[in-house]
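First up is the structure itself, then whatever we jot down about it.
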Amino acid sequence: MSPTVTTSSEANGNVSAATARAAAKAAAVAEASGPQAITLAKALNTAMSDAMQEDPTVLVFGEDVGTLGGVFRVTDGLTATFGEKRCFDTPLAESGIVGMAIGMAMNGMRPVIEMQFDAFAYPAFEQIISHVAKMHNRTRGRVKLPIVIRVPYGGGIGGVEHHCDSSESYYAHTAGLKVFTPATVVDGYRMLREAIDSDDPVIFMEPKKLYWSKDQVDLEALRAEHARGEKSTAGRAAVARLGTDATLITYGPSVPTALAAAAAAAEEGRSLEVIDVRSIVPFDDETVSASVRKTGRAVVIAEAHGFASVSSEIVARIQERCFHYLAAPVLRVTGFDVPYPAPKLEHYYLPSVDRILDAVDNLQWED
Amino acid sequence: MTISADHTAHEREASRSDAAEAVDELVKQAEEVRRKFGISLEDYMLPAHHQIQMVDPAGRMKAKEEQGTEPGHEYPTPGDDELLAAYEQLVVGRRVNDQNSALVRQGRMAVYPSSHGQEACQVAAAMCLREGDWLFPTYRDAVAVMSRGVDPVQAMTIFRGDWHGGYDPHEHHVGIQCTPLTTQLLHAVGVAHAAKLRGEDIVVLAMCGDGATSEGDFHEALNFAAVFHLPVIFFVQNNKYAISVPLSHQSVAPSLAHKAVGYGMAGERVDGNDLVALLAVLDRGVKLAREGSGPLLVEANTYRMQAHTNADDATRYRPDSEVAEWMAKDPISRMKTYLTSQGLLDEDREAKIAEHAEQVAMQLREGLGVDVSVDPQDLFSFVFSKPTPQLREQSALLADELARDASATGANTEEAGK
Ligand SMILES: Cc1ncc(C[n+]2csc(CCOP(=O)(O)OP(=O)(O)O)c2C)c(N)n1
Ligand SMILES: [Mg+2]
């Protein structure tokens with residue numbers, strides 16, 4: 001949604017559904033020229049904008065999401081287009097943002113809220129764990145919380161402390177939260193729309209180092225797909241690259257690294273399949289198991305610390321389901337069990353192509 | 001929710017006398033305030049009707065009755081020596097801010113949240129404390145940290161990108177520069193409470209920004225400090241913005257200083273670009289806290305002259321005209337005019353101060369301009385007092401990887417040499 005279609009009356013804060021629809025049409029016309037190169041940030045922005053156009057109960061709020069358009073510009077133009085009642089800055093308090101979202105969801109809204117950075121969601125931990133995750137269960141399904149909590153996460157951007165955490169395991173460990181993380185531009189659009197459509201709360205983890213990665217995307221086709229109600233990503237992993245010798249299982253910021261490793265392995269004559277988990281909760285056992293049964297070998301890759309993490313969970317599930325198909329123990333390439341390091345040291349911490357290839361080499365090929 | 005059994009008669013008795021004690025305590029406090037300041041407890045806790053300002057933007061000392069002071073809110077003007085020393089720190093602080101911004105542009109620092117325009121607050125926060133007192137700064141308070149005696153390069157290490165911090169908090173009694181907003185305020189409360197229990201005669205000053213006053217920890221810290229009656233000064237630099245969000249979105253209280261009374265502590269407002277007023281208010285606050293008056297909230301009215309950090313674009317959310325308005329209220333020029341008019345500052349002295357500032361800038365260029373070598377094994381060294389078996393295993397893995405890399409590079413260079 002381009003802010004250029006905004007009129008000053010819209011910017012005043014009150015925008016009628018008709019005006020919004022007209023704006024959407026104008027934007028759609030501008031964008032209707034087939035595939036074009038757009039960034040993940042733009043895809044996410046478009047997903048929110050489209051959802052806001054279709055459903056007046058969809059609201060966006062958080063810190064610096066209004067006038068500034070978010071520190072990563074993911075909410076750019078939403079206030080200008082939809083007014084301050086639909087996209088607005090709150091006082092600076094994460095627990096307040098999430099707690100208020102709960103109340104608004106109880107009263108008919110669909111809040112899409114932004115935590116500015118991974119580590120700055122921690123003040124909201126109590127509201128997320130004790131209420132967002134549990135409300136539905138506690139009320140025997142009488143209260144639904146269609147809330148999306150967007151969390152830019154992960155490192156690799158030379159960020160200072162508290163700006164690079166991989167916090168997905170905290171959420172995945174909590175019963176009652178869906179946890180999504182797109183790795184491609186197209187999935188960014190599709191998955192955020194599905195998250196907003198979801199009647200259950202979704203922690204939407206956005207790999208911040210991929211915000212500016214670009215792909216050729218046909219937005220009109222994606223909109224049409226959404227309108228037809230095709231849920232192509234819901235709860236499903238994606239096979240990001242086909243292979244036969246071993247499976248790399250990963251998600252979010254590590255997907256491009258795994259693909260690069262698979263490309264390098266191919267040059268050495270080894271065919272690696274790459275699975276992009278996409279939906280950590282619910283987890284797609286079927287796709288992962290099918291791949292591992294085919295290849296007989298697997299490496300799980302994630303930026304987060306390995307100990308008691310999503311990667312440990314994936315390994316456990318593979319050995320529970322594929323034990324007799326495995327030719328080697330399932331290995332992991334993860335961040336070390338240390339606080340996320342300062343910019344000049346992060347390169348030693350992050351999973352790299354070399355580390356992935358080392359792990360693949362260690363999959364007992366000789367036996 | 002704690003679902004407890006019915007209180008025993010004994011417990012009821014005890015809680016009744018607790019309540020009675022609390023009322024007694026309040027009455028005692030009110031009497032004390034009336035005796036000491038001649039005003040009611042409420043008037044003591046509420047800020048004066050106007051901010052305290054002593055030297056106006058043009059550098060003129062205001063008449064006593066125009067300084068915003070009131071009965072019970074009276075602030076003696078700091079002495080000449082203190083003002084001159086503070087002015088020197090002010091000039092150094094500005095030079096440091098500008099040097100660091102240049103180092104960021106040159107790629108020598110990862111990021112720098114500059115306190116350009118807020119240097120008077122930085123200097124006063126450091127100088128009002130005496131040896132042994134503690135300071136709890138934020139990411140924006142590197143100049144205050146330095147002004148407490150921390151080595152300038154160590155104070156900036158957090159922004160150089162090779163480690164999360166550069167100094168030993170115990171050496172100068174300066175907490176780590178905290179980024180998760182207002183978390184440090186509770187640490188300050190804890191240090192003060194421990195000091196009280198240990199019988200140490202110290203005051204703690206804790207800093208935060210205007211936006212940060214919306215965070216839950218801010219309110220918890222104020223309440224704890226008031227309930228435990230601790231010598232903590234909460235020093236809020238109201239620079240009008242939290243990144244892009246103006247103060248009007250954070251609070252609709254008459255002022256941030258007014259938040260104090262709700263917790264049962266005193267609040268005051270001061271012109272944050274008037275170093276004389278800042279020192280006057282904070283000096284007295286520290287003195288009263290040391291004498292047992294409990295915590296104090298001071299709101300300094302200032303302005304963030306530059307973007308939030310180098311990564312931010314302030315033109316997206318505020319007009320240049322607003323910045324220009326604040327340019328005229330610069331803390332340095334007004335202090336210079338005032339000190340010169342008092343005959344305290346001459347060209348000679350000014351040159352010496354400028355030389356000092358240049359020296360510190362050079363220290364920063366040398367300390368931050370060099371390529372610091374990092375030791376990857378540091379990743380594992382400080383997670384625990386002693387690395388766990390798992391960390392030792394991971395450290396060996398990394399060492400092996402680096403050794404293989406090194407021999408591979410060695411082999412390559414040999415190859416290339418042939
Ligand atoms: C808990 C938390 N949430 C969000 C942030 C991101 N953040 C860093 S600084 C800042 C604005 C703070 O504004 P203010 O308190 O006014 O201080 P200033 O930067 O103006 O000095 C924000 C939102 C953070 N550091 N910590
Ligand atoms: Mg501020």
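Out of A:K214, A:K231, A:K178, A:K208, which single residue is basic (K, R), buried (at least 21 other Cβ atoms within 10 Å of the Cβ) and more than 16 Å from ligand 1 (Cβ to nearest atom)?
Within the list A:K214, A:K231, A:K178, A:K208, the selection yields A:K178.
Scanning the stretch B:226-243 for residues that are facing another protein chain (nearest Cβ under 9 Å) and either surrounded by 24 or more Cβ atoms within 10 Å (Cβ to Cβ) or in a helix (DSSP H, G or I) (or both) yields a single hit, B:A242.
For the stretch A:326-355, what are the residues that are part of a helix (DSSP H, G or I) and within 12 Å of chain B (Cβ to nearest Cβ)? Hits for the stretch A:326-355 are A:P343, A:K344, A:L345, A:E346, A:H347, A:Y348, A:Y349, A:D354, A:R355.
Results for (1) surrounded by fewer than 20 Cβ atoms within 10 Å (Cβ to Cβ); (2) of a type in the set (S, T, Y); (3) touching a Cys at 6+ places or on another chain (Cβ under 8 Å), shown as yes or no for each residue.
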residue: A:V151; (1), (2), (3): no, no, no
residue: A:I157; (1), (2), (3): yes, no, yes
residue: A:H162; (1), (2), (3): yes, no, no
residue: A:S166; (1), (2), (3): no, yes, no
residue: A:H173; (1), (2), (3): yes, no, no
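Across the stretch B:175-184, the qualifying residues are those that are within 11 Å of ligand 1 (Cβ to nearest atom) and among the hydrophobic types (A, V, I, L, M, F, W, C), and the one among them that is surrounded by the fewest Cβ atoms within 10 Å (Cβ to Cβ) is B:C178. In summary, B:H172 fulfils each of the numbered conditions (1) of a type outside the set (K, R); (2) within 16 Å of ligand 2 (Cβ to nearest atom); (3) within 16 Å of the chain's Cα centre (by Cα) with the single exception of condition (2). For the stretch B:185-225, how many residues are within 11 Å of ligand 1 (Cβ to nearest atom), under 17 Å from the mean Cα position of the chain (by Cα) and assigned to a helix (DSSP H, G or I)? Count: 6.
Tell me the strands (runs of 3 or more DSSP E) entirely within the stretch A:99-193 that contain at least 3 residues that are closer than 16 Å to A:V60 by Cα.
A:110-114, A:148-153
The residues of the stretch A:140-171 that are within 18 Å of A:Y122 (Cβ to Cβ) and away from ligand 1 (no atom under 16 Å from the Cβ), listed by number, are A:I147, A:G154, A:G155, A:S166, A:E168, A:S169, A:Y171.
How many residues are in a loop (DSSP other than H, G, I, E, B) and not aromatic (F, W, Y) when one looks only at the stretch A:253-294? So the answer is 8.
When the helices (runs of 4 or more DSSP H) confined to the stretch B:32-137 are screened for residues that are surrounded by fewer than 17 Cβ atoms within 10 Å (Cβ to Cβ), those reaching at least 1 such residues are found at B:41-45, B:80-105. The residues of the stretch B:183-220 that are β-branched (V, I, T) and within 14 Å of chain A (Cβ to nearest Cβ), listed by number, are B:T183, B:T213. Taking each residue of the stretch B:209-220 that is closer than 19 Å to B:G190 by Cα and assigned by TED's automatic domain parsing to the domain that holds B:N238 and looking for partners that are assigned to a helix (DSSP H, G or I) and within 7 Å of ligand 1 (Cβ to nearest atom) with beta-carbon atoms closer than 7 Å, six or more apart or interchain, yields B:E215/A:P123; B:G216/A:P123; B:F218/B:A212.
Kindly indicate the residue of the stretch B:160-182 that is assigned to a helix (DSSP H, G or I) and within 23 Å of B:P113 (Cα to Cα) and also farthest from the other protein chains (Cβ to nearest Cβ) among those meeting that condition.
Applying the filter and picking the extreme gives B:H172.
Scanning the stretch B:131-158 for residues that are within 25 Å of B:S214 (Cβ to Cβ) and of a type outside the set (S, T, Y) yields B:W134, B:L135, B:F136, B:P137, B:R140, B:D141, B:A142, B:V143, B:A144, B:V145, B:I158.
So for the stretch B:226-246 (the condition being within 19 Å of B:A48 (Cα to Cα), basic (K, R) and within 16 Å of ligand 1 (Cβ to nearest atom)), does at least one residue qualify? Taking every residue of the stretch B:226-246 in turn, none turns out to be within 19 Å of B:A48 (Cα to Cα), basic (K, R) and within 16 Å of ligand 1 (Cβ to nearest atom). Among the residues of the stretch B:84-97, the ones that are free of Cβ contacts under 8 Å to residues at least 60 places away in the same chain and either in contact with an Asp or Glu (Cβ under 9 Å, 6 or more places away or on another chain) or under 14 Å from B:L368 (Cα atoms) (or both) come to 3 in all.
Of all the residues in the stretch B:347-374, those that are in a loop (DSSP other than H, G, I, E, B), over 19 Å from B:A102 (Cα atoms) and more than 9 Å from chain A (Cβ to nearest Cβ) number 1.
The values are calculated or read from the model by the stated rules, or taken from the named source; none is laboratory data. Fair warning: this is a prediction, and the values are worked out from it, not measured in the lab. Note that we place each Cβ from the backbone using ideal geometry, even for glycine, and neighbour counts take in every protein chain shown.
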